[in-house]
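Read through the structure below, which is laid out as structure tokens, and then see the notes.
The values are calculated or read from the model by the stated rules, or taken from the named source; none is laboratory data. Please read these numbers as outputs of a predicted model, since none were measured by experiment. Here the Cβ is made from the backbone with ideal geometry for all residues, glycine too, and neighbour counts use every protein chain on show. Accessible surface is based on the protein model in full, side chains and every heavy atom, while ligands, DNA and RNA are left aside. Shrake-Rupley method; radii C 1.70, N 1.55, O 1.52, S 1.80 Å.
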Amino acid sequence: MSDPPPPVVLPLPYGSGLFGGLRAGATSVFMVVIVGSYVSIGALAHDLGFPLPWLVLSSLLVWAAPAQVILITALGAGAAPFEVALAVSLSSMRLLPMVVTLLPMLKTPRTRTRDVIVPAHLTAISVWIEALRLLPKVPRDARIGFANGLGACFMGGAVVASIVGFGLAHALPALLVAALLFLSPMSFLMSALRNARITADRVALAVGLVLAPVLAWRAVDLDLLWTGLAGGAAAYAAQRIQAALR
Amino acid sequence: MSASGDPSLLGPYVLLILVGFLPNEVWRMLGVVLARGLNEESEIIAFARAVATAIVTGVVGKLVVFAPGALAGVPLAGRIGAAALGVAAFRLAGRSVLAGVTAATLAIVAGMLVVGG
């Protein structure tokens, strides 16, 4: 047998490393989605009386749109702090499997734990989806820089968009706000469809789409946690069955 | 006067850290700890990826079915129809995310104009 062929690395049109990640983020469909979502979050924070620096800090520190919406609406309505913390934490559980799947793609044998703290903090649905799609084309030792560039670009866009939304809160028509609310779920759905290449992904996608609303409608606690575990188990079983039939 | 004497000034920032940042960030840092020593091809990674995918589409399903705010003006069938139209456009345009998102969003706007008009 001859030596295995060298791995094929398809060059990215925008290069690799930090700068490549920034450019990949700026040209991603998700930039439009993030800007739309954060314009509406900025308007919401303005309407509920939060100061602008608080809004900017919440994007930098929390960096998870659903958690920020919960935080702003619940604190704005005067909910008990413990209940708000619980609601935020439940909505952010998805970050755990995302970080667990992203970090092994970034690591080299020389990577220290502290090198992956920043990419872990920048992980959000949008960053995770785009990183998983693009990182296989990036040379391994340039991946942490690429992920940081991608995340920083999205976060920067979010901060600017939230400031714009805060300033324009009075001028935004209801129709536009509703359209912005539909942008993120639709972009997540289309990206999940695009990234679903193997049966396991398709099974997980379908289980999530159907099971979560059913569980929420039946008022089952921790609906997204059960949805994730059921989707993961079904996908694993589907892959096993497929392998056995082959 | 110290800043801490005025709860209206310091309050929201302390709350941001305690009930916003920390309960959210704990999952990311737990991920950093659990990802140590795992490699990309391990079965745990494949499982975690499927869990994350199911949660993401679960969020989508919940947002479409239990529409927040202004979206609730369009009836459930209209919201599901707009999403289905988006998926059809995604397929027709050769798996284009941009085409799918654009078609779904235009469909929901059209739905709101019909309902509101």
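One table, with the values for the structure above:
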{"read-out": "Residue ranges of helices (runs of 4 or more DSSP H) in segment A:4-98 with at least 1 members among the hydrophobic types (A, V, I, L, M, F, W, C), surrounded by fewer than 18 Cβ atoms within 10 Å (Cβ to Cβ) and modelled with pLDDT under 90", "value": "A:81-91"}
{"read-out": "Criterion (of a type in the set (A, V, I, L, M) and more than 14 Å from chain B (Cβ to nearest Cβ)) met by exactly one of A:Val160, A:Val207", "value": "A:Val160"}
{"read-out": "Whichever residue in segment B:33-45 is in a helix (DSSP H, G or I) and more than 7 Å from chain A (Cβ to nearest Cβ) and, among such residues, is surrounded by the most Cβ atoms within 10 Å (Cβ to Cβ)", "value": "B:Ile44"}
{"read-out": "Only listed residue being in contact (Cβ under 8 Å) with a residue 60 or more places away in the chain and either facing another protein chain (nearest Cβ under 9 Å) or not β-branched (Val, Ile, Thr) (or both), chosen from A:Leu96, A:Leu55", "value": "A:Leu55"}
{"read-out": "Checking A:Leu102 against (1) under 30 Å from A:Leu229 (Cβ atoms); (2) facing chain B (nearest Cβ under 7 Å); (3) modelled with pLDDT of 95 or more, the condition it does not meet", "value": "(2)"}
{"read-out": "Residue within segment B:72-80 that is within 19 Å of A:Pro66 (Cα to Cα) and either in contact (Cβ under 8 Å) with a residue 60 or more places away in the chain or open to solvent by 20 Å² or more (accessible area, probe 1.4 Å) (or both) present", "value": "yes"}
{"read-out": "Close pairs from segment B:94-117: first more than 13 Å from B:Arg79 (Cβ to Cβ), partner among the hydroxyl-bearing types (Ser, Thr, Tyr), Cβ under 7 Å, at least 6 apart", "value": "B:Val97/A:Ser187; B:Val97/A:Ser191; B:Val101/A:Ser187"}
{"read-out": "Qualifying residue in segment B:53-76 (condition: farther than 25 Å from A:Leu215 by Cα and in a helix (DSSP H, G or I))", "value": "no"}
{"read-out": "Hey, A:Leu224 at the interface with chain B (Cβ under 7 Å from one of its Cβ atoms), surrounded by fewer than 16 Cβ atoms within 10 Å (Cβ to Cβ) and assigned to a helix (DSSP H, G or I) or not", "value": "no"}
{"read-out": "Odd one out for A:Thr101 among (1) closer than 17 Å to A:Met155 by Cα; (2) surrounded by 19 or more Cβ atoms within 10 Å (Cβ to Cβ)", "value": "(1)"}
{"read-out": "Selection count, segment B:94-115, where residues are within 22 Å of the chain's Cα centre (by Cα) and either at the interface with chain A (Cβ under 7 Å from one of its Cβ atoms) or farther than 17 Å from A:Pro185 by Cβ (or both)", "value": "11"}
{"read-out": "For A:Tyr236: the one exception among (1) over 22 Å from the mean Cα position of the chain (by Cα); (2) surrounded by fewer than 17 Cβ atoms within 10 Å (Cβ to Cβ); (3) at the interface with chain B (Cβ under 7 Å from one of its Cβ atoms)", "value": "(2)"}
{"read-out": "Any pair with Cβ under 8 angstrom, 6 or more apart, that starts in segment B:18-42 at a residue that is without any contact (Cβ under 8 Å) to a residue 24 or more places away in the chain and ends at one that is in a loop (DSSP other than H, G, I, E, B) and among the basic types (Lys, Arg)", "value": "B:Trp27/A:Arg94"}
